[in-house]
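The values are calculated or read from the model by the stated rules, or taken from the named source; none is laboratory data. None of the values given here were measured: they were computed from a predicted structure. So basically every Cβ, Gly included, is an ideal-geometry build from the backbone, and we count neighbours across all protein chains shown. Side chains are part of the model used for accessible areas, which takes the heavy atoms of the whole protein and leaves out ligands, DNA and RNA. Shrake-Rupley method; radii C 1.70, N 1.55, O 1.52, S 1.80 Å.
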Amino acid sequence: MSVRRLAKDQPASFAFSKETMKKVDWWIAKYPADRARSAVIPMLWLVQKQEGWVSEPAIRAIADKLDMAYIRVLEVATFYTMFMLEPVGSAALIQVCGTTPCMLRGAGDLMKVCKDRIGPKQTLSADGKFYWEEVECLGACVNAPMAMINDYYFEDLTASDMNQIIDDFAAGKTPERGPRVDRVNSAPEGGALTLTDPRLYDGSAAKPINKLPNSEPVTA
C-alpha cells in the first residue's frame, strides 16, 4: 500500500456547518466523557460529507473538538482509505473495484474509460467535476465488474455503461444505480433459479415433527 499524504494545497481554514455540528455532538454524546475520542472516525466521515474531502484544517478542528493530539487524528485519516485527503470531483467520485472477480469480468475496461475520459487515476479532472481511483474489493463480487460512485454501487458494468454514466453526471443527471442487467440486487440474471417452489414459503411442504432430535436425556 502506498503512503497516503495530505494534499499540498490546503484551504486556509475549516468550520463545521450547523447541521454537521449537530451530528458531531450527537456522536460525542454516545460515549462516556473520558471516551469521547471514540467519535473521531464518525467526525472524519461527517467532515468528508460536508466538504467532499478531509483537509488539514479540518483534521485540526476535529483534534481540538476531541482534545486529541493533531497527529492522532492524522494517523486515523491517513490509515483508512475511505477518507479522501485531496479534493475530489464535484460531480462524481468514481471508485472502480480492481480485485480479482471484477478484473476477470472487465474492470480493466472500466478503468480505461475513466483514464481516457477523466485523466490519470487519483487526479482531479481538468474541469474539477471528476476524480477516479482503483480500490480493493467492495463486496459486490457477484455483480462484477462494479464501481462505487459517490455513495452508491453501480454494478454489472460495461465500458459503454461507464461512458454513459460519466456523460450523465457531466450533464447534471442522476444515473440509475444498481445492476445494469436483468437481476434484482445479487439474484441470478433473469430471476431466481433455486428455491422457487411456493410450498417452501406457504408452509405446505412442512412435515410434522413428532419427536425432536436429541431430545432424550443422556444416560450413563
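In the complete set of protein chains, residue-level accessible area for residue 66 is approximately 10 Å², probe 1.4 angstrom. At full extension, residue 72 and residue 20 could sit 16.6 nm farther apart than now, given 0.36 nm per residue minus the alpha carbon distance. Between the helical axis of 107-117 and the longest alpha-carbon principal axis of the chain there is an angle of about 30 degrees. Backbone geometry of the stretch 173-181 corresponds, through the Karplus equation with coefficients 6.51, -1.76 and 1.60 at θ = phi - 60°, to 3J(HN,Hα) couplings of 8, 10, x, 5, 9, x, x, 9, 10 Hz, x marking Gly and Pro. Listed as lacking a disulfide-compatible partner in the chain: 114, 137, 141, by the criterion of no other cysteine Cβ under 4.7 Å.
Counting only protein heavy atoms and a probe of 1.4 Å, the accessible surface of the chain is 53% carbon and sulfur.
For residue 6 and residue 60, the difference between the fully extended length at 0.36 nm per residue and the C-alpha to C-alpha distance is 18.2 nm. In the context of the full protein assembly, residue 82 retains an accessible surface of approximately 80 Å², using a probe radius of 1.4 Å and ignoring ligands and nucleic acids. Helix 159-170 and the longest principal axis of the C-alpha atoms of the chain enclose an angle of approximately 50°. Counting only DSSP beta bridges whose two residues both lie in the chain, roughly 45 percent are antiparallel. In the context of the full set of protein chains, the chain has a per residue accessible area of 63 Å² (1.4 Å probe). Taking θ as phi - 60° and the Karplus parameters 6.51, -1.76 and 1.60, the scalar couplings of the stretch 82-88 work out to 6, 8, 8, 9, 8, x, 10 Hz in sequence order, x denoting glycine and proline. Out of every Cα-Cα pair that the stretch 42-102 contains, those further apart than 20 angstrom amount to 31 percent.
Short-range pairs are left out: with C-alpha atoms under 8 Å and at least six residues apart, the relative contact order of the stretch 24-177 is 18 percent. Once Rh is set to the Kirkwood radius over Cα pairs, what Stokes-Einstein translational diffusion coefficient, in µm²/s, holds for the chain at a temperature of 25 °C and a viscosity of 0.890 mPa s? In µm²/s, the coefficient rounds to 118. The calculated FRET efficiency for residue 123 paired with residue 80, based on their beta-carbon distance and R0 = 22 Å, is about 0.60.
Each label was represented as a point 7 Å from its Cα along the Cα-to-Cβ direction; for residue 90 and residue 186 these points are 3.7 nm apart.
Shown is the FRET efficiency for residue 103 and residue 209, computed with R0 = 45 Å from the Cβ-Cβ distance and rounded to the nearest 0.05: 0.40.
Loop-located GluC sites (Glu not before Pro) in the stretch 92-173 (DSSP state not H, G, I, E or B) with no more than 16 neighbouring Cβ atoms inside 10 Å: 136.
Counting only protein heavy atoms and using a 1.4 Å probe, the accessible area of residue 135 comes to about 20 Å².
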